[in-house]
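Accompanying notes for the structure given below.
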Amino acid sequence: MNTNILETPVSPPLASPAPAPSVARLSARARLLAAAEELFYKEGVHNVGIERVIERAGVAKASLYGNFKGKDDLVRAYLVERREARQARILAKLARYEQPRDKILAIFDLLAEIFAEPNYRGCAFMRASAEMQPGSSGREVCEGARLWTRAVLVDLASRCGAARPQDLGHQLHLLYDGAAVSAQMDGGATAALAARAVAAQMLDTACPPRG
């Protein structure tokens, strides 16, 4: 496991962020990815044809094949962007806390924030993975995203002093995944709050206070 996984630098937000460029000023690649992000997450990677992405992006068909090898490559790029954004968001949340136990619980706090967002439709990686064939490049991105999250939880479990950090990290990851599925079905932040309470109990059992 990468022992520096929690030391990945995250750029702090600017005090006065510059306005986002209009869609018309974005590059063709950025416009295609923005359209893919909207359509693939909302409707699924299988249900959305490449022509709809091109139409929503407002670019020529040649622009797609000038930037991507085809739909599979675009799906992979969409998932890579989501993975990087999610990892940065998790790391930024963890950076606010000093103690590993607080960091673990903060991950579930972040889930509550995400689940409460009006456009939340479930974990993008779970949804996309269910639609893709084993061994596809997009599915490998989904699997890598999940392994990263598990590695973070295992590392934090180890720092908490758990006797079996691999087991605890895996259990916390199952709790994380279960909360995402529940939130997709039921909506709202309730699942994350319930998962956080269970995680706290697990930590109390596996990592009792020292001294």
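The values are calculated or read from the model by the stated rules, or taken from the named source; none is laboratory data. In this text, all values refer to a predicted model and were calculated from it rather than measured experimentally. Note that we place each Cβ from the backbone using ideal geometry, even for glycine, and neighbour counts take in every protein chain shown.
So here's what we get for this one:
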| quantity | calculated |
| --- | --- |
| Checking Glu98 against (1) buried (at least 19 other Cβ atoms within 10 Å of the Cβ); (2) in the same structural domain as Asp155 (by TED's automatic domain parsing), the condition it does not meet | (1) |
| Residue check, Leu74 in contact (Cβ under 8 Å) with a residue 60 or more places away in the chain and touching a helix residue (DSSP H, G or I) at 6+ places or on another chain (Cβ under 7 Å) | no |
